[in-house]
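A.B. asks: I'd like to ask some things about the structure below.
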Amino acid sequence: MLPKKVIALLTLVFVSGLMSGCSSDWKIAEGSVPASESFDKYIDGSPISVESNHKYYSNIPYGNEERNVLDLWVSESDEQRPLIVYIHGGGFQGGDKSSAWNQPSKYGIGPEQINDFLEQGFSFASINYRLLQKTDKEGVLKCLNDSKRAIQFLRYHSSELNINAESIGLVGTSAGAGTALWIGFHDEMAEAGSDDPVTQQSSRVQAIAAQETQSTYDILRWSEDVFPNGIFTMDKIRGTALGNRLMVFYGVDDFNQLESDQIVKYRKEVDMLSMVDSGDPPVYILNKKDFKPDNGNRVGNLLHSPYHAVALRKVLTEAGVSRQIFIPAEGNKPNQSAADFLIEQLSAK
């Protein structure tokens, strides 16, 4: 395997070419880096009751798009503390950062878990990112890169925000889980030569917790590498609502374009399964659905199928990545929560 620094350089060159090929305006807009003294204007009342000593900031902009905002509870400890970043789900078409405290904790994160983090002296952030639109030409990388930038932004301002920049964990459900895996498995995405000090920051994190996740966003791999026995094929979804959704996912308007050279390169850049290597951080995965994707909501069951966890288990095991993978449909019920996993991993940093 090539050294990480070489891989990072090659990745940067590749992604730059990919960006220019997909759209002339495809890279996330830069700017909106507030001066440290300006954070005080975002101080607000916490939306949930917290017992610990934290400041709450609302709608801090990390970029210059409307949805480039985050909420943050900051530890007022005398030393810099670990940070948990929550990435919401919603199929990249909906959802909001407020789901971290508005949704039932059965989805992995809720008021109880936020308080668990805060009581440990951790800081906690919840981010918004741009969503896919029906006429989108940028595809899902727009959403993924927004979330990546939020991590880099928080790292850039780690001193002002009392964050330990070397102890950052990600947690998400569904699309948020897949995003967390994409950031966590991707080689370094810092752009050393950028004029933007935020994108110069490391994108690497130290722990990941993913619930109801997808295994890869190269959806064409699902037919052979994720789902067995023809459960999922491209022919089955051609002309369906799911097939139309897939075209938006890659920013194309013709199903046949999914096999074009340009989109093959795009798919490679969102293929988390192919990114896994031994240098990746510890991972927690929990997919609770049944193995029968035709029960009830077919799309939801495909997106959250335990087959995704099985595919991830295979590559993570082969790479020797530290992992906790729970698939209740196999009788493997979780003996640890996502929150407890993150606390355990980051407390040791």
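A.B. asks: Suppose we keep only residues that are without any contact (Cβ under 8 Å) to a residue 40 or more places away in the chain and either within 30 Å of ASP187 (Cα to Cα) or of a type outside the set (Gly, Ala, Ser) (or both) within the stretch 233-242. Which one would you say is surrounded by the most Cβ atoms within 10 Å (Cβ to Cβ)?
C.D. replies: ILE237
A.B. asks: Continuing with this model, one more query. Counting just the residues of the stretch 100-154 that are hydroxyl-bearing (Ser, Thr, Tyr) and either at pLDDT below 95 or out of contact with any strand residue (DSSP E or B) (no Cβ under 8 Å at 6 or more places or on another chain) (or both), which one comes out nearest to VAL171 (Cα to Cα)? Spell out how you get there, then give the answer.
C.D. replies: Restricting attention to the stretch 100-154, the residues satisfying the condition of being hydroxyl-bearing (Ser, Thr, Tyr) are 105, 107, 123, 126, 129, 135, 147.
Filter once more, so that each one left must be either at pLDDT below 95 or out of contact with any strand residue (DSSP E or B) (no Cβ under 8 Å at 6 or more places or on another chain) (or both): 105, 107, 135.
Details: SER105: 13, TYR107: 11, THR135: 29 Å.
Checking each candidate, the answer is TYR107.
A.B. asks: Identify, please: which residue in the stretch 125-162 is closer than 28 Å to GLU112 by Cβ and touching a Cys at 6+ places or on another chain (Cβ under 9 Å) and is, among those, surrounded by the fewest Cβ atoms within 10 Å (Cβ to Cβ)?
C.D. replies: Per the stated criteria, the residue is LEU131.
A.B. asks: Does ILE127 satisfy the criteria of being farther than 30 Å from TYR266 by Cα and aliphatic (A, V, I, L, M)?
C.D. replies: Criteria not met by ILE127.
A.B. asks: Another question about this same structure. Quick check on the stretch 259-266. Is at least one of its residues surrounded by 15 or more Cβ atoms within 10 Å (Cβ to Cβ), among the β-branched types (Val, Ile, Thr) and not in a helix (DSSP H, G or I)?
C.D. replies: Within the stretch 259-266, not a single residue is surrounded by 15 or more Cβ atoms within 10 Å (Cβ to Cβ), among the β-branched types (Val, Ile, Thr) and not in a helix (DSSP H, G or I).
A.B. asks: With the condition kept exactly as written, say whether any residue in the stretch 204-224 is of a type in the set (Asp, Glu) and outside any loop (DSSP other than H, G, I, E, B).
C.D. replies: Keep residues of the stretch 204-224 that are of a type in the set (Asp, Glu), which gives 212, 218, 224.
If we keep only those that are outside any loop (DSSP other than H, G, I, E, B) too, we end up with 224.
The answer is yes; a qualifying residue exists.
A.B. asks: If you go through the stretch 45-55 one residue at a time, how many are under 13 Å from PHE122 (Cα atoms) and among the hydroxyl-bearing types (Ser, Thr, Tyr)?
C.D. replies: Of the residues in that region, 1 qualify.
A.B. asks: If you don't mind, there's one more thing I want to ask. Only one residue in ARG81, ARG67 is at pLDDT 95 or above, within 17 Å of ILE127 (Cβ to Cβ) and of a type in the set (Lys, Arg). Which one?
C.D. replies: On the way: ARG81 fails: within 17 Å of ILE127 (Cβ to Cβ).
Checking each option against the conditions leaves just ARG67.
A.B. asks: Looking only at the stretch 297-342, filter to residues that are of a type in the set (A, V, I, L, M, F, W, C) and surrounded by fewer than 19 Cβ atoms within 10 Å (Cβ to Cβ); which one of those is farthest from SER278 (Cα to Cα)?
C.D. replies: Going through the qualifying residues, I end up with VAL299.
A.B. asks: A follow-up question, please. I need a count of the residues in the stretch 155-182 that are of a type in the set (A, V, I, L, M, F, W, C), farther than 19 Å from ILE343 by Cβ and either in contact with a Leu (Cβ under 6 Å, 6 or more places away or on another chain) or part of a loop (DSSP other than H, G, I, E, B) (or both).
C.D. replies: Count: 2.
A.B. asks: Out of the residues in the stretch 40-75 that are within 24 Å of the chain's Cα centre (by Cα), in a loop (DSSP other than H, G, I, E, B) and among the acidic types (Asp, Glu), which is surrounded by the most Cβ atoms within 10 Å (Cβ to Cβ)?
C.D. replies: Selected residue: GLU65.
A.B. asks: Have a look at ASP340, ASP253, ASP277 and point out the one that is of a type outside the set (A, V, I, L, M), over 23 Å from LYS148 (Cα atoms) and not in a helix (DSSP H, G or I).
C.D. replies: Only one candidate passes the filter, namely ASP253.
A.B. asks: Only one residue in PHE117, PHE122 is crowded, with 24+ Cβ neighbours inside 10 Å and out of contact with any Lys or Arg (no Cβ under 8 Å at 6 or more places or on another chain). Which one?
C.D. replies: After applying the criteria, what remains is PHE117.
The values are calculated or read from the model by the stated rules, or taken from the named source; none is laboratory data. The shown structure was predicted, so the numbers you read here are calculated from the model rather than taken from an experiment. Note: ideal-geometry Cβ built from the backbone for every residue, glycine included; neighbour counts use all protein chains shown.
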